[in-house]
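Quick notes on the structure that follows.
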Amino acid sequence: MIPSQGAAQSDSYLLQQISSATPEQLCVMLLEGAQRFLLQAVAAIKARNIEERAKLVNRVSAIIEELMLQVDNNSENELAVNLTRIYEWWMNQLFDASKNNQHEKLEMIHSQMNEMKITWMQLIQRGQAAAPPTMGLGGELMG
């Protein structure tokens, strides 16, 4: 198999995984991706590779923005409000850490994302993901 075919098959598999994922599974996948990029950004900071750090921080930022889009911001739901606050705080910490080359802040965000990911995974395993919090057809968090 030539490399381009392997990459195309890998992309096709990933797209199939994403399109068949529940909103809760999608959150887990997004958090895993963000965590991977955070660890790479930590390594870039330690290696003093500013260009790579910036690229990776932007990728994490895009994932956090996608997580924010999942939340129903028109809701008075306490969970939706709290998730939005967490995502906004992560975004602020992310850019502050990047600006000041503070890998410790990136590691803290990584740890918090891991806790959230574990919580989503536990909800999925218990079959309670359809109970609060639930996602609407458009992917927004509903109460």
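Where a number appears in this text, it was derived from the coordinates with a stated rule and is not lab data. Note that this is a predicted model, so its numbers are computed, not measured.
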Quiz item: Of all the C-alpha pairs in the range 22-125, what % are more than 22 Å from each other?
Solution: 29 percent
Exercise. Return the sequence-ordered ³J(HN,Hα) values of the range 61-71 in whole Hz as given by the Karplus equation 6.51 cos²θ - 1.76 cosθ + 1.60 applied to θ = phi - 60°, using x for Gly and Pro.
Key: 4, 5, 5, 4, 4, 5, 4, 5, 5, 6, 8
Exercise. Collect residues whose amide H, placed 1.01 Å from N in the peptide plane, falls under 5 Å from the amide H of Val71; neighbours closer than 5 in sequence don't count.
Key: Leu141
